[in-house]
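Please read the structure below before turning to the comments.
The values are calculated or read from the model by the stated rules, or taken from the named source; none is laboratory data. Note that the coordinates shown come from a computational prediction; the quantities given were computed from them, not determined experimentally. Using ideal geometry, Cβ is built from the backbone for each residue, glycine included, and neighbour counts are taken over all protein chains shown. We work out accessible area using only protein heavy atoms, side chains counted, and drop any ligands, DNA or RNA first. Shrake-Rupley method; radii C 1.70, N 1.55, O 1.52, S 1.80 Å.
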Amino acid sequence: MDETQALAAFLALGQEHRLRLVRALVTAGPGGLASGVLADAVGVSAATVSHHLKELSHAGLVTSRREGRSIIYSAAYPALSDLVQFLMRDCCQGHPEVCAPALAALTACDCTTGDTLHA
């Protein structure tokens, strides 16, 4: 991820409903959620959630697919991982204790087995 892509992602995430939408989609997992479910989860109207999902999609943070009459949205995990890597790329600079909290958070989410610990 380059700086331009990171800025677009942060701009999209810099709005409370969009951040909540991404967090809800990350929690939902790869199966995603329908827009109506997302609207209820975030507490906004269907039209509003559609606008926010469009912005997140343009930033590459959300993907969508059609299932029957529904559009299912999912977190774009590779893009989110790239964003975290962009932030943490040069974090330690010879001081591993700087990255320890981030590593501990990732370890708590045992991604290798698929088990997630929710704080």
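Brief remarks follow.
- Residue match in segment 72-82 (condition: open to solvent by 60 Å² or more (accessible area, probe 1.4 Å) and either at pLDDT below 85 or basic (Lys, Arg) (or both)): no
- Residue list for segment 45-66, filter: of a type in the set (A, V, I, L, M) and at pLDDT 95 or above: Val49, Leu53, Leu56, Ala59, Leu61, Val62
- Any hit, segment 102-118, residues being open to solvent by 70 Å² or more (accessible area, probe 1.4 Å), modelled with pLDDT of 80 or more, closer than 22 Å to Leu13 by Cβ and not hydrophobic (A, V, I, L, M, F, W, C): no
- Flag if Gly60 is under 21 Å from Leu83 (Cβ atoms) and in contact with a helix residue (DSSP H, G or I) (Cβ under 8 Å, 6 or more places away or on another chain): yes
- Selection count, segment 2-39, where residues are over 14 Å from Lys54 (Cα atoms), touching a residue at least 60 places away in the same chain (Cβ under 8 Å) and open to solvent by less than 50 Å² (accessible area, probe 1.4 Å): 1
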